[in-house]
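Shown next, in structure tokens, is the structure this report addresses.
The values are calculated or read from the model by the stated rules, or taken from the named source; none is laboratory data. Treat the numbers as computed from the prediction; the structure is a model and nothing was measured. Backbone-built Cβ (ideal geometry, glycine too); neighbour counts: all protein chains shown. Heads up: the accessible areas ignore ligands, DNA and RNA and are worked out on the full protein's heavy atoms, side chains in. Shrake-Rupley method; radii C 1.70, N 1.55, O 1.52, S 1.80 Å.
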Amino acid sequence: MARVVTRPTVVITRRLPDEVEAAVAERYDVRFNRTDVALTAEQMAQVLRTTDIVLCTVTDKLRAELFDARVQTKLLANFGVGVNHIDRDAARRAGVAITNTPDVLTDDTADIALALILMSMRRLGEGERHLRSGAWSGWRPTHLMGRSPHGKTLGIIGYGRIGRAVARQAASALGMHIVYYAPRDVVIDDPATAGPALAERVDSIETLLARADVVSLHCPSTPETRHLINAERLALMGPTSYLVNTARGDIVDEYALTAALREGVIAGAGLDVYEWEPTVVAELRDMERVVLLPHMGSGTIETRTAMGLRALANIDAFVAGERPPDLVEF
Ligand code: DGY
């Protein structure tokens, strides 16, 4: 692996927690983006031409053409686990390594999936909007009745660290039965990260969709998973079922989901990620039966700090000529 000598230059593309910015600045010649506005393609091209290491994140669209010109950057230390915003083939061809920040965000992201399950089934966003609007006239037995998660089946697509954490929490806290779909055998090195003992693996996404009351997505965004949830598959879910997405927006065909919600093909959805982030299909924003969060999965001070320090650990290892702990394999 190429070794960067002397005090390398690092660009941090967005504001990070103070502790992280200070720790990176202590060791490297850092340039910050104080505006905290995502870099344009032109600005990013300039950064790649002039910087040894880029501490980037999901809002940086690192498309293939950015790697066509001469690139000084040797490492993209991504802040976040998903790297679908980086053209990995083009980066590899340009000799740029990529690292990410797994593990540290598992529990907080799983919490948001759980929150979305509860918010959508129990109509919590709708209830809050109702009260704030001044329309609440008091308690009544049939007001805002949702559906209970207890005893229902949660179908998890993608059984990696986050999917298994959601399974554990939903089974223990909400009494849900778990079925999951994983295209490959799940390898678990730490038993503490296993799914619940009674979780049942199903052989196809179709089987899962037909059996689950709630479907939660935890697979990465790849060309194969783009629009994995489309109109045909939504039709396999029932009119009392819910879809939750905390993974990546383009795994779901957002227009198909909007139509399915409009037509009552499914009962509701809870979303933290969107196909054209930060733009959200306008009709969804006006719908009561969908909960919309602004990509908050890992958004706690503890986790965002841990993510930053993990990105820094990857940079340190790379600069020392060692294999970074979270090197994304090609
Ligand atoms: C992740 O880690 O992938 C988060 O969604 C932020 O990119």
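Structure values in brief
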{"read-out": "Amide N proximity, segment 188-215 versus Met287 label position 7 Å along Cα-to-Cβ, cut-off under 17 Å", "value": "214-215"}
{"read-out": "Accessible solvent surface per residue of segment 104-246, calculated while the other protein chains remain in place, 1.4 angstrom probe, Å²", "value": "51"}
{"read-out": "Dipole magnitude of segment 203-257, debye to nearest 20 (Cβ charges: Lys/Arg +1, Asp/Glu -1, about Cα centre)", "value": "100"}
{"read-out": "Gain on full stretching of the segment that runs from Leu131 to Arg15 - 0.36 nm per residue minus C-alpha separation", "value": "38.3 nm"}
{"read-out": "Heavy atoms of Phe67: accessible area, 1.4 Å probe, square angstrom to 10", "value": "10"}
{"read-out": "Heavy-atom accessible surface of segment 189-330: percent carbon and sulfur, 1.4 Å", "value": "55"}
{"read-out": "Angle in degrees between helix 41-50 and the longest Cα principal axis of the chain, rounded to the nearest 10", "value": "40"}
{"read-out": "Charged-residue dipole, Cβ positions (Lys, Arg, Asp, Glu), the chain about Cα centre, Debye nearest 20", "value": "200"}
{"read-out": "Between helix 161-174 and the chain: long-axis angle, C-alpha atoms, 0 to 90°, nearest 10", "value": "30"}
{"read-out": "Computed [θ] at 222 nm, deg cm²/dmol, the chain (DSSP H ≥ 4; -39,500 (n - 2.57); rounded to nearest 500)", "value": "-10000 deg cm²/dmol"}
{"read-out": "Per-pair calculated FRET efficiency, R0 = 56 Å: His150 and Arg7 via Cβ, rounded to 0.05", "value": "0.50"}
{"read-out": "Global form of the chain, assessed from the alpha-carbon gyration tensor, a/c cut-off 1.5", "value": "prolate"}
{"read-out": "The chain - share of DSSP beta bridges that are antiparallel (%, nearest 5)", "value": "5"}
{"read-out": "Extension gain, Leu198 back to Ala38 (0.36 nm per residue minus Cα-Cα distance, nm)", "value": "53.2 nm"}
